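Just so it is clear, none of the values below were taken in a lab; they were calculated from the coordinates. Everything quoted here is computed from the prediction, not taken from an experiment. Note: ideal-geometry Cβ built from the backbone for every residue, glycine included; neighbour counts use all protein chains shown.
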Ligand SMILES: [Zn+2]
């Protein structure tokens with residue numbers, strides 16, 4: 001449990017009332033994935049809020065039903081979301097896999113904020129849109145961490161950074177975490193790679209410390225690599241890897 | 001929905017932060033009584049859950065029945081937050097279509113159909129209000145919603161227009177600050193920061209009052225999940 005735990009727990013009420021800013025909302029959504037007590041609070045508070053909603057019920061405009069029924073003729077229904085048997089609390093996953101404490105804290109808290117700070121100056125509408133996307137990514141991150149087949153590898157990069165990869169074949173995704181990663185030299189960026197049969201495929205970027213969901217198929221990947229590339233990234237590695245972490249089959 | 005679903009149903013030990021206002025264990029809720037779902041008053045939660053299973057399979061007739069049960073609540077809460085009727089109709093219709101689209105994502109173990117629908121409706125209403133605000137310069141809009149207007153209007157509506165006796169009675173059981181914190185956020189669509197500004201009250205106090213207020217409401221209305 002990190003230092004801010006009690007603060008974060010306290011957000012169940014504003015979360016359930018949709019009263020958080022997008023950034024806080026994303027942070028809290030990440031916390032929820034790991035906190036059973038908060039999930040119960042949110043369920044209770046939402047059920048309570050539903051009563052507040054029911055108490056202001058009023059007849060909907062007459063034509064609305066007709067229009068709605070006509071509209072759904074053209075709306076495809078989403079397939080059910082595939083869930084792990086039971087969401088494993090994040091702390092449990094981390095403990096089981098014996099992730100170092102620093103990384104555990106980083107995963108639990110920093111995950112949500114990778115990239116968020118940079119959004120501060122974006123247009124407000126874009127911000128909300130991106131916060132929603134970030135929530136989806138967080139869903140994916142927690143999905144990997146909670147996957148029954150999640151496996152963790154630790155590494156130490158050439159520049160001293162501690163790294164971990166959590167990968168799930170079931171989810172076909174992998175999550176990368178770095179602690180102590182120095183800022184890249186000017187004009188350079190850290191790029192991640194997934195090794196498929198000896199071919200390094202671009203898997204996204206990491207700015208500095210934090211947690212990212214790797215792009216691309218993780219299932220069947222033999223390793224995760226990290227290189228310094230010219231800003232904007234490269235289609236294939238152009239420098240010796242700072243790190244190559246083999247993923248157990 | 002973006003919320004990770006609650007795990008198994010066994011109720012976890014009470015949250016440390018909840019301890020102060022925690023509900024008493026194994027005691028009957030003082031005002032536990034059946035409540036109508038939506039405004040029709042005769043669609044029971046179990047029926048709705050059964051309807052959802054049919055809707056999930058693309059059954060339009062079932063959706064029509066689901067619409068009848070939920071549309072008044074959906075429209076009601078959207079109007080409450082959005083205020084403008086034409087816009088509210090647009091939003092409420094989007095919500096109803098979303099219920100159809102997302103039917104297979106509804107998970108009974110995470111809450112009732114009514115809760116699911118009201119969560120989606122409220123979120124959309126708030127999104128509409130906030131994006132409209134962003135477009136019209138949030139600062140200005142904020143000033144326009146200032147203090148007296150938002151505050152008096154909302155509390156007055158809460159006092160006079162609530163359809164449900166029970167909710168009205170339970171809201172009266174809250175302290176003034178608890179009630180305002182909950183209603184300004186939920187009916188007013190304000191963020192808790194805006195609530196704190198509007199009520200000129202420190203943020204941590206608002207957070208606590210909001211939580212305590214919801215806990216009291218939950219217990220007063222006998223909400224169980
Ligand atoms: Zn919590």
Taking B:207, B:60 and counting other beta carbon atoms within 10 angstrom, the fewest-first order is B:60, B:207
In nanometres, the difference between 0.36 nm per residue of separation and the alpha-carbon distance of residue B:107 and residue B:131 is 5.7 nm
Here the gain from full extension of residue A:240 to residue A:66, 0.36 nm per residue of separation minus their alpha-carbon distance, amounts to 56.3 nm
For A:14-27, A:202-215, B:91-104, A:175-188, ranked highest to lowest by mean beta-carbon neighbours within 10 Å, the order is A:14-27, B:91-104, A:202-215, A:175-188
hull vol. (C-alpha, convex hull) per residue for segment B:44-139, Å³ -> 96 Å³
Rg/Rh of segment A:1-73 (Cα atoms, Kirkwood Rh), to two decimals, equals 1.18
Here the whole-number average of other chain Cβ atoms within 10 Å per Cβ of B:186-195 is 5
Quick calc, residue A:222 & residue B:61: beta-carbon distance into FRET formula, R0 60 Å, rounding 0.05, result 0.70
Expected integer from the mean partner chain Cβ neighbour count at 10 Å over B:49-57 is 1
Reduced to Cα centres, the span from segment A:230-249 to segment B:94-134 in Å works out to 42 Å
